[in-house]
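Report on the structure given below.
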Amino acid sequence: MEVNLANKSSFNYDRAIEGEEYFNGSNRRVLTLECPKEKETSIDSLHSVLSSEANTKTITLTNGEITNAFDDYVILLSIGIKKRFVEDPDLPPAEEDYIEIKLGKKTYFEKQQVEQAERLTVLERQLNTLLKK
């Protein structure tokens, strides 16, 4: 199973859960990814890729023939190594490490603030152009 980001980078995942969590004063939609801890996948490289809003604007999860798209999960809430029990009846109980990534959506108010700032920037440029004439 594979995670594909907007910048064409990808990495493997074992499980994805979409839910809601309280973060930074607001309840927000959260996408939690559980990824295998592999030698070629470092937390630092994942952190640098997932910290960019442009990269996480559209996330596609591919699971065989099924593809799910998730939009606007642009806030990296957390990334780290966790432990889980390996459930295999043929093996003794054991734990394994995995990488947990939590990405959150901006709230409606946060989106409105960004749009308002962009509109003010455009108006400021237009005003500066008029004043130069």
Exercise. Considering only the stretch 46-60, state which residues are closer than 9 Å to residue 70 by Cα and either exposed (fewer than 14 other Cβ atoms within 10 Å of the Cβ) or of a type outside the set (S, T, N, Q) (or both).
Key: 57, 59
Quiz item: Yes or no: residue 127 at pLDDT 95 or above and among the hydrophobic types (A, V, I, L, M, F, W, C)?
Solution: no
Quiz item: Looking at 28, 15, which is the one that is among the basic types (Lys, Arg), at negative phi and touching a residue at least 60 places away in the same chain (Cβ under 8 Å)?
Solution: 28
Quiz item: Tell me, which residue of the stretch 2-11 that is exposed (fewer than 14 other Cβ atoms within 10 Å of the Cβ) and touching a residue at least 12 places away in the same chain (Cβ under 8 Å) is nearest to residue 83 (Cα to Cα)?
Solution: 2
Exercise. Tell me, please, whether a residue that is outside any strand (DSSP E or B) and at pLDDT 90 or above can be found in the stretch 11-21.
Key: yes
Practice problem: Scan the stretch 93-112 for residues that are part of a strand (DSSP E or B) and either more than 16 Å from residue 45 (Cα to Cα) or in contact with a Gly (Cβ under 7 Å, 6 or more places away or on another chain) (or both) and jot them down. | Solution: 94, 95, 96, 97, 100, 104
Practice problem: Take the stretch 41-62 and flag every residue that is among the polar types (S, T, N, Q), in contact with a strand residue (DSSP E or B) (Cβ under 8 Å, 6 or more places away or on another chain) and part of a helix (DSSP H, G or I). | Solution: 56
Exercise. Out of the residues in the stretch 74-120 that are among the hydroxyl-bearing types (Ser, Thr, Tyr) and modelled with pLDDT under 95, state the one that is surrounded by the fewest Cβ atoms within 10 Å (Cβ to Cβ).
Key: 108
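The values are calculated or read from the model by the stated rules, or taken from the named source; none is laboratory data. What you are looking at is a predicted structure, and each value in this text was computed from that prediction instead of being measured. Cβ: placed from backbone, ideal geometry, glycine included. Neighbour counts: every protein chain shown.
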